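Novice: Before I ask anything, let me first share the structure, which is written out below as structure tokens.
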Amino acid sequence: MTIQLYNTATRRKEVFEPLDPDNVRMYVCGPTVYDRAHLGNARPVLVFDVLFRLLRHVCGEDAVTYVRNFTDVDDKINATALARKEAGADGTLEELVAERSDETIGWYHADMDALGALRPSQEPRATQYIVQMVAMIEDLIGKGFAYAKDGHVLFRVREYDKYGALSGRSVDDMIAGARVEIAPYKEDPMDFVLWKPSDDDLPGWDSPWGRGRPGWHIECSAMAYDLLGDTFDIHGGGNDLQFPHHENEIAQSKCAGHGFARFWMHNEMLQVEGKKMSKSLGNFFTVRDLLDQGVPGEVIRFVMLSTHYRKPMDWTEKKRAEAEKILRKWYAQAIQAVGTGEPYFGVTNALSDDLNTAGAIAELHQLSLAEDFTALRHSLQFLGLMGDEAPEWAVPKGFDFMDYVDALKASRRAAMETKDFAIVDRLKSGLLAAGVEVRMTKDSVDLLPGPNFDPSKLEGLL
Ligand code: AMP
Ligand code: ZN
């Protein structure tokens with residue numbers, strides 16, 4: 001199967017051939033772990049989870065290394081830790097910072113697990129790679145691409161002539177448009193921080209430039225190099241990271257002499273009811289908020305995947321309700337699957353075209369219509385929309401359509417003798433009332449749950 005991916009760096013779809021088919025390598029910028037992930041943060045997680053699944057399917061389960069970092073060097077994490085310390089919490093500031101990061105990472109795992117996202121192969125924390133960052137910064141200084149001033153180390157943006165190529169901007173345009181900070185320790189306002197000093201109220205590490213902490217961009221360059229090597233296949237993240245974060249990652253890594261990423265992939269942003277999600281508009285919510293309101297993780301995942309990753313995605317109440325209905329029907333069909341199987345070719349084929357998840361979902365609709373329950377089940381599982389069993393919110397544990405099929409068959413056999421079809425009719429109308437179409441021929445009984453299937457209405461029928 002040929003995979004085509006849109007490469008932001010070249011602005012076109014390209015055939016994706018891994019550098020090493022036995023070790024396909026992908027790096028995705030992960031969260032800054034200062035608080036619960038909001039719904040927008042879940043989008044790159046789900047997009048790159050589908051890509052991870054596709055690559056594993058095509059190249060082999062063990063042939064893909066997916067690295068997604070945790071940024072645990074951050075002022076908001078420090079602020080929470082400091083507030084706790086001032087409120088009398090036990091432990092050093094460093095310990096309280098680590099505690100806050102641990103707590104947030106625990107939430108992140110629980111929330112993303114609930115969305116059916118596989119854990120990446122590696123989830124490095126920035127604080128565990130300070131040595132590698134310092135080494136990379138020293139190398140950049142040695143090569144003339146960075147300079148130290150007043151405890152800071154800065155990257156000389158104008159020394160890298162391809163700066164801006166990823167997002168298609170010139171340095172001068174960027175200066176005009178961006179909020180570049182002018183500071184006495186900068187040679188040029190465009191230069192960005194590789195290292196900055198920490199005072200006693202902040203976590204810090206010893207370095208050749210004094211006690212301090214790394215800038216955000218160097219984290220990803222150093223971790224990607226350490227874990228994935230000089231050149232790797234795919235680098236991903238949200239569109240908002242293209243500039244400055246990814247431009248800066250590229251500048252640092254290329255100037256350090258690394259090949260860095262071959263394919264750059266960016267998901268578009270998530271909106272809510274047509275508007276940007278923001279605290280000031282009052283439409284900001286976390287993944288946990290939705291889960292707590294009873295919106296199942298599968299429903300969130302389905303809604304996210306129903307829009308292509310390069311288009312803005314609009315979360316709406318209408319889509320949520322629709323997704324829930326469709327999934328209820330599909331699960332009730334999928335649990336009737338027999339035998340083993342593979343994800344349907346149409347599904348993987350759609351994904352191989354630049355991750356056409358909407359196309360993959362259209363294929364699921366076709367499988368449902370064609371009553372190919374086995375292919376439907378394996379495709380749902382492949383897409384992360386179903387585990388070994390259907391989720392309990394849709395199909396109660398232990399529920400089995402075969403019980404109803406058997407009861408219908410037995411009561412029909414009995415009715416042939418007695419000519420009294422009352423029991424058969426009662427079963428049929430009970431199933432109908434629960435949203436299940438009953439198809440009986442001379443030799444077979446088929447039950448077809450519709451979008452209004454509600455297993456709770458079947459209680460007491462048998
Ligand atoms: P952050 O923790 O802010 O660095 O974001 C973590 C990831 O979420 C990054 O890949 C961002 O690009 C992505 N992200 C943040 N906001 C949104 C949004 N509204 N829609 C889609 N992705 C987002
Ligand atoms: Zn990054």
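Bear in mind that the values in this text are calculations on the coordinates, not laboratory data. None of the values given here were measured: they were computed from a predicted structure. Cβ placement follows ideal geometry from the backbone for every residue including glycine, while neighbour counts extend to all protein chains displayed.
Novice: Report relative contact order for the range 118-275 in percent, whole number only (criteria: Cα-Cα under 8 Å, sequence separation at least 6).
Specialist: So the answer I get is 24 percent.
Novice: Taking Cα centroids, how far is the range 1-31 from the range 399-462 in Å?
Specialist: 50 Å
Novice: So if R0 is 35 Å, what FRET efficiency would Leu118 and Leu369 give, r being the distance between their Cβ atoms, rounded to the nearest 0.05?
Specialist: FRET efficiency, Leu118 to Leu369: 0.75.
Novice: Using 7 Å Cα-to-Cβ label points, what is the Asp22/Ala176 separation (nm, one decimal)?
Specialist: Taking the simple label geometry, Asp22 and Ala176 are separated by 5.2 nm.
Novice: Something else now. For labels at Ser278 and Lys254 in the simple 7 Å Cα→Cβ model, what's the distance in nm?
Specialist: Here the modelled spin labels are 3.2 nm apart.
Novice: Let me ask another. With +1 on each Lys and Arg Cβ and -1 on each Asp and Glu Cβ, how big is the dipole of the chain about its Cα centre, in debye rounded to the nearest 20?
Specialist: Charge dipole of the chain: 1380 debye, to the nearest 20.
Novice: Under the rule a/c < 1.5 gives rounded, and otherwise a/b versus b/c splits prolate from oblate, where does the range 102-177 land using the Cα gyration tensor?
Specialist: Judged from the Cα gyration tensor, the range 102-177 comes out oblate (a/c at least 1.5, b/c at or above a/b).
Novice: Let me ask something else about it. Mind putting together the pair-distance distribution for the chain? All Cα pairs, 20 Å bins, whole percent per bin, short to long.
Specialist: 22, 47, 23, 7, 1
Novice: So, one more: Roughly what angle does helix 216-228 make with the longest principal axis of the chain, taking Cα atoms, 0 to 90 degrees, to the nearest 10?
Specialist: Value to nearest ten degrees: 70.
Novice: Calculated FRET efficiency, Glu459 and Arg413, Cβ-Cβ r, R0 25 Å, to nearest 0.05?
Specialist: E between Glu459 and Arg413, to the nearest 0.05, is 0.50.
Novice: Apply the Karplus curve 6.51 cos²θ - 1.76 cosθ + 1.60, θ = phi - 60°, to the phi angles in the range 323-329 and return the couplings in whole Hz, x for Gly and Pro.
Specialist: 4, 5, 4, 4, 5, 4, 5
Novice: As a footprinting exposure proxy, order Leu5, Leu305 by other Cβ within 10 Å, with the fewest listed first.
Specialist: Arranged by neighbour count, lowest to highest, Leu5, Leu305 become Leu5, Leu305.
Novice: Right, another one. Just to confirm the filter: which GluC sites (Glu not before Pro) across the range 415-462 are DSSP coil and have at most 13 other Cβ within 10 angstrom of their Cβ?
Specialist: Those that pass, being in a loop and sparsely packed, are Glu459.
Novice: Based on DSSP loop calls and a cut-off of at most 13 other Cβ atoms within 10 Å, the longest stretch of the chain free of exposed trypsin sites (Lys or Arg not before Pro) is what?
Specialist: It works out to 12-142.
Novice: Under the rule of -39500 (n - 2.57) per DSSP H run of 4 or more residues, summed and divided by the residues of the chain, what mean residue ellipticity at 222 nm is obtained, to the nearest 500 deg cm²/dmol?
Specialist: -13000 deg cm²/dmol
Novice: Tell me the relative contact order for the chain as a rounded percent, counting alpha carbon contacts under 8 Å between residues six or more apart.
Specialist: This gives 16 percent for the chain.
Novice: Next question. Through the Karplus equation 6.51 cos²θ - 1.76 cosθ + 1.60, θ set to phi - 60°, convert the phi angles of the range 400-413 into ³J(HN,Hα) values in whole Hz; use x for Gly and Pro.
Specialist: So the J values, rounded to whole Hz, are 9, 4, 4, 4, 6, 4, 4, 5, 5, 5, 5, 5, 5, 4.
Novice: Additional query: Using the 10 angstrom Cβ neighbour count as an exposure proxy, how do Ser221, Ser101, Ser170 rank, fewest first?
Specialist: Fewest-to-most ranking of Ser221, Ser101, Ser170: Ser170, Ser101, Ser221.
Novice: Taking a temperature of 37 °C and a viscosity of 0.692 mPa s, what whole-number D in µm²/s does Stokes-Einstein yield for the range 75-220 with Rh from Kirkwood over alpha carbon pairs?
Specialist: The estimated diffusion coefficient comes to 186 µm²/s.
Novice: Which of Lys162/Lys196; Lys76/Lys325; Lys279/Lys397; Lys319/Lys397; Lys329/Lys442; Lys76/Lys149 have a Cα-Cα distance over 31 Å?
Specialist: The pairs that break the limit, which is 31 Å between Cα atoms, are Lys76/Lys325; Lys279/Lys397.
Novice: Helix 373-382 versus the longest principal axis of the chain: what angle, 0 to 90°, nearest 10, using Cα atoms?
Specialist: 20 degrees
Novice: Still on this structure, please answer the following. If you rank Tyr6, Tyr225, Tyr309 by fewest surrounding Cβ atoms within 10 Å, what's the result?
Specialist: Going from sparsest to densest Cβ surroundings: Tyr6, Tyr225, Tyr309.
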